[in-house]
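What follows is a single structure, written as structure tokens, with notes after it.
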Amino acid sequence: MFKDFIKQDTGMQIYPILSLLVFIGFFVLIIAMAYAKKKSEIDEASRIPLDENDSILTFNKE
Amino acid sequence: MEIQTNTCEIPARNSLERFYYDNKTVRDFGIACVAWGVISLLVGVIIACQLFLPRFYPDFDLGLSFLTFGMLIAIHTKGAIFAFVGNMIFMGVYYSLQRLCKARMWSDTLSRIHFWGWQCIIALAVVTLALGYTTSKEYAELEWPIDILITIIWVVFGINFMGTVLTRRVKHLYVAIWFYIGTLVTIAVLHIVNSMELPVSWMKSYSVYAGVQDALVQWWYGHNAVAFFLTTPFLGLMYYFLPKVANRPVYSYRLSIIHFWSLIFLYIWAGPHHLLYTSLPDWAQSVGVVFSIMLIAPSWGGMINGLLTLRGAWDEVRTNPILKFMVVAITCYGMATFEGPMHSLKFVNALSHYTDWIPAHVHIGTLGWNGFMTFAILYYLIPKLYNTQLYSKSLANLHFWIGTLGMVFWTVAMYVSGVMQGLMLQDFNPDGTLKYANFLETTMQVLPMHIIRAIGGTMYLTGMVIMVYNLWKTAKQGSFVANEMDEAPAKERPENDAALTGYFRHRIVEGKPMIMLALATIVILIGGMVEFIPLFTIKSNIPTISSVKPYTPLELEGRNLYIREGCNACHSQMIRPFRSETERYGEYSKAGEFVYDHPFLWGSKRTGPDLHRIGGKYPHSWHFRHMRDPRSTSPGSIMPSYPWLISNKLDTRDTRASIVAMRRLGVPYPFGFENEAVDDLQAQALKISDELKKDKITIPEDREIIALIAYLQRLGTDIKGEQTSEITK
């Protein structure tokens with residue numbers, strides 16, 4: 001299918017291939033980045049929204 | 001009742017710093033979101049009715065210009081995107097950012113300026129759009145003074161946002177904040193680049209780009225407004241509120257990181273998929289296609305991450321209306337982001353583009369993803385802000401069902417209508433003639449679908465009204481906490497024990513959001529640059545056609561009227577190279593024909609036929625009668641009547657300035673021509689009114705209709721007889 005997109009003879013056919021390569025490079029980089037992070041750090045970060053001290057509000061109403 | 005602060009007599013716990021969250025701004029954005037939301041959707045229902053009512057009540061518009069479809073649709077889309085969804089973004093960001101940073105918003109003054117500034121922009125938008133002040137560029141219709149105001153208010157928001165992030169009491173930047181940062185920079189870049197326009201008067205300007213280039217910039221903007229206004233901030237909200245409501249962390253935090261970077265990187269390239277088979281060079285179209293298809297990966301990664309967060313919590317989904325809204329929202333996100341890449345496949349696009357299939361796709365996104373996520377957050381936050389419980393869970397459930405059903409009616413009707421009309425327009429008789437030679441015939445066939453769509457929209461709106469009642473009752477039974485107390489460990493300061501190392505670590509943490517900001521900017525600039533630079537610098541991308549000449553002053557004024565009335569909301573000016581289109585409309589459109597079009601007017605939806613080759617198709621008198629009452633020439637037409645074009649005198653005060661502005665933008669009007677412009681205009685107008693007289697229509701030559709006719713008759717005529725067509729399909 002990709003061949004159909006790319007075969008037009010405008011001298012620009014290198015563009016889609018180039019952008020595909022750029023993206024694959026970028027993608028590999030971010031996956032590496034994401035997995036380079038320590039598990040403890042990831043767990044800590046993922047719990048941030050849940051860390052709130054929701055009890056303060058009710059406690060204050062007493 | 002309102003509690004100003006929930007102050008606490010007990011002193012702060014050891015080593016903890018006490019501070020207060022600003023809930024007032026959060027609540028105010030919430031109220032604005034709901035109020036503008038109801039108005040925008042009401043306008044939506046009205047325009048839905050306008051697409052079938054004229055069939056039964058021709059005088060539906062009451063002869064009022066600001067009630068025509070072209071005007072109202074601009075208000076509807078601006079209202080839904082920037083007022084309904086926009087205010088929700090700010091509500092959610094102001095709430096979640098403070099909690100995620102354990103800090104109050106950086107500046108209360110900036111929060112106030114942001115809130116009132118944004119409402120002011122929306123109010124100005126409604127008024128100016130209703131008066132016909134528009135640039136015609138979709139989702140960027142507002143004129144230059146408002147564009148400047150938007151920029152200022154966005155910067156105010158940005159400063160307030162980054163100030164809060166930089167003074168936070170939490171080490172990590174939670175992934176939701178990344179999505180907010182991505183939104184912040186990209187919207188700024190998109191808005192500024194696409195709003196580059198040369199003012200002619202205080203409420204009129206011309207895009208600095210022309211034709212194909214303008215189209216590329218516009219759809220780079222348009223597509224990414226969807227990406228960075230309707231998607232990334234909402235993903236941020238999803239990553240905050242979903243774990244909160246479900247009370248469990250997001251399924252995979254690593255996946256959310258990958259989701260973020262790959263999404264912002266890919267999205268920015270995909271704009272050209274709005275311009276498939278147009279005069280945009282093929283290589284740019286191909287880039288758009290490739291990136292659009294790759295976009296499925298991060299989008300679905302995000303959707304799966306959201307849905308899997310609820311693993312083990314499905315029992316709760318059944319009973320908790322908030323989670324129900326969220327699940328449907330995330331599912332709709334998945335559907336829309338699957339469908340988008342499918343529309344980018346050329347063979348699908350050939351059928352779906354310009355039809356009701358596109359609004360169906362868009363409304364899965366806005367009604368489903370944005371709307372339902374907004375409702376979920378409102379049902380979650382309003383009780384929290386008022387320190388109470390939701391007034392009625394069963395009303396919320398009712399809202400959920402009526403909203404879902406309304407959405408199903410809306411979208412299914414438009415899918416059917418889009419595919420039906422698309423197929424009919426391509427249909428040939430065995431002898432090679434068009435089966436539906438008259439465009440209007442296809443409109444009639446899909447009319448019932450439009451009625452169902454309006455019913456669906458009304459149901460969705462009804463659900464919203466139920467929500468307003470429910471939330472209002474909730475607020476009444478609670479007491480508003482304007483400043484909510486929280487405590488967190490104080491930030492490390494250099495004078496603390498581990499002075500130096502601590503200080504440096506702290507600096508690095510503080511530097512991270514700025515690095516993030518810079519990285520996100522670079523990532524989104526790459527895609528834009530790679531597409532723009534060749535198109536703007538390499539001449540062969542837009543082959544010039546020597547017979548294409550600038551518009552005469554009268555035609556230029558007519559073009560301004562076409563823009564003012566929003567004709568481009570229903571009419572395209574871009575004939576694609578298919579036999580079904582060249583047969584119906586004439587020679588397909590060439591890039592070189594648009595070099596003087598500031599702005600381009602290709603349109604994106606064909607509710608009426610394409611107009612690029614309308615010039616010379618009918619006599620002047622036909623256009624006169626048709627504009628006065630479309631039903632008189634085209635029985636059953638759903639096009640609005642434009643009687644005021646006949647009574648209004650053409651305003652020529654800016655004609656001179658327009659010519660000068662156009663020349664500055666590169667249109668080759670000879671020097672000094674601006675001085676003869678009005679004379680030239682009057683001479684041409686006189687000729688048209690004389691010709692009308694031959695058809696027994698007496699009309700003074702100084703009327704707006706004359707200019708509009710001049711423009712319509714010029715459209716697409718420059719290359720007549722120049723080239724022979726080569727048809728690709």
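The values are calculated or read from the model by the stated rules, or taken from the named source; none is laboratory data. This structure is a prediction, so every number in the text was calculated from the model and none was measured. Every residue, glycine as well, gets a Cβ built from its backbone with ideal geometry; the counts of neighbours run over all protein chains shown.
Worth a mention:
- Hey, residue B:202 away from every other protein chain (no Cβ under 14 Å) and over 16 Å from the mean Cα position of the chain (by Cα) or not: yes
- Only one of the listed residues (A:6, A:17, A:30) is more than 18 Å from the chain's Cα centre (by Cα) and either modelled with pLDDT of 85 or more or more than 7 Å from every other protein chain (Cβ to nearest Cβ) (or both). That residue is A:17.
- Conditions (1) more than 7 Å from chain A (Cβ to nearest Cβ); (2) within 13 Å of residue B:520 (Cβ to Cβ); (3) of a type in the set (Gly, Ala, Ser); number of the one not met by residue B:225: (2)
- With respect to the conditions (1) in a helix (DSSP H, G or I); (2) in contact with an Asp or Glu (Cβ under 7 Å, 6 or more places away or on another chain); (3) not acidic (Asp, Glu), residue B:151 falls short on a single one, namely (2).
- Matching residues, region B:134-183, being closer than 28 Å to residue B:488 by Cβ and without any contact (Cβ under 8 Å) to a residue 40 or more places away in the chain: B:158, B:172
- Of everything listed in (1) farther than 24 Å from residue B:717 by Cα; (2) in contact with an Asp or Glu (Cβ under 8 Å, 6 or more places away or on another chain), the single unmet condition for residue B:638 is (2).
- Filtering B:680, B:702, B:651 for residues that are in contact with a helix residue (DSSP H, G or I) (Cβ under 9 Å, 6 or more places away or on another chain) and exposed (fewer than 15 other Cβ atoms within 10 Å of the Cβ) leaves a single hit, B:651.
- Complete set of residues in region B:248-296 that are outside any helix (DSSP H, G or I) and more than 7 Å from chain A (Cβ to nearest Cβ): B:248, B:251, B:252, B:268, B:270, B:276, B:277, B:278, B:279, B:280, B:295
- For region B:334-355, the candidate set comprises residues that are free of Cβ contacts under 8 Å to residues at least 40 places away in the same chain and of a type outside the set (D, E, K, R); within that set, the residue that is surrounded by the most Cβ atoms within 10 Å (Cβ to Cβ) is B:336.
- You will find that of B:168, B:104, the residue that is crowded, with 20+ Cβ neighbours inside 10 Å, over 18 Å from the mean Cα position of the chain (by Cα) and not in a helix (DSSP H, G or I) is B:168 and no other.
- Matching residues, region B:222-242, being surrounded by fewer than 24 Cβ atoms within 10 Å (Cβ to Cβ) and among the hydroxyl-bearing types (Ser, Thr, Tyr): none
- Unique match (being assigned to a helix (DSSP H, G or I), within 25 Å of residue B:95 (Cα to Cα) and of a type outside the set (Lys, Arg)) among B:216, B:173, B:184: B:184
- Of all residues assigned to region B:233-244, none qualifies as being part of a helix (DSSP H, G or I), more than 14 Å from chain A (Cβ to nearest Cβ) and either among the charged types (D, E, K, R) or in contact with a strand residue (DSSP E or B) (Cβ under 6 Å, 6 or more places away or on another chain) (or both).
- Verdict on residue B:598 being within 24 Å of residue B:552 (Cα to Cα), within 27 Å of the chain's Cα centre (by Cα) and not hydrophobic (A, V, I, L, M, F, W, C): yes
- The set of residues in region A:33-48 that are more than 9 Å from chain B (Cβ to nearest Cβ) and among the basic types (Lys, Arg) comprises A:38, A:39.
- Candidates B:445, B:426, B:477: the one that is surrounded by fewer than 17 Cβ atoms within 10 Å (Cβ to Cβ) and under 33 Å from the mean Cα position of the chain (by Cα) is B:445.
- Answer residue from region B:311-336, given it is in contact with a helix residue (DSSP H, G or I) (Cβ under 7 Å, 6 or more places away or on another chain) and either charged (D, E, K, R) or modelled with pLDDT under 95 (or both) and is farthest from residue B:285 (Cα to Cα) among those: B:316
- Checking each residue in region B:691-709 for being acidic (Asp, Glu), closer than 18 Å to residue B:553 by Cβ and part of a helix (DSSP H, G or I) picks out only B:704.
- Of all positions in region B:366-378, at least one carries a residue that is at pLDDT 95 or above and within 28 Å of residue B:444 (Cα to Cα).
- One residue stands out among those in region B:609-631 that are aromatic (Phe, Trp, Tyr) and farther than 22 Å from residue B:55 by Cβ: the one that is surrounded by the fewest Cβ atoms within 10 Å (Cβ to Cβ), which is B:618.
- Among the candidates B:408, B:416, the residue that is at pLDDT 95 or above and over 24 Å from residue B:570 (Cβ atoms) is uniquely B:408.
Rundown of residues vs (1) under 30 Å from residue B:50 (Cβ atoms); (2) without any contact (Cβ under 8 Å) to a residue 24 or more places away in the chain; (3) in contact with a Gly (Cβ under 8 Å, 6 or more places away or on another chain), yes/no style:
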{"position": "B:522", "(1), (2), (3)": "no, yes, no"}
{"position": "B:531", "(1), (2), (3)": "no, no, yes"}
{"position": "B:544", "(1), (2), (3)": "no, no, yes"}
{"position": "B:552", "(1), (2), (3)": "no, no, no"}
{"position": "B:558", "(1), (2), (3)": "yes, no, no"}
{"position": "B:562", "(1), (2), (3)": "yes, no, no"}
{"position": "B:570", "(1), (2), (3)": "yes, no, yes"}
{"position": "B:575", "(1), (2), (3)": "yes, no, yes"}
{"position": "B:584", "(1), (2), (3)": "yes, no, no"}
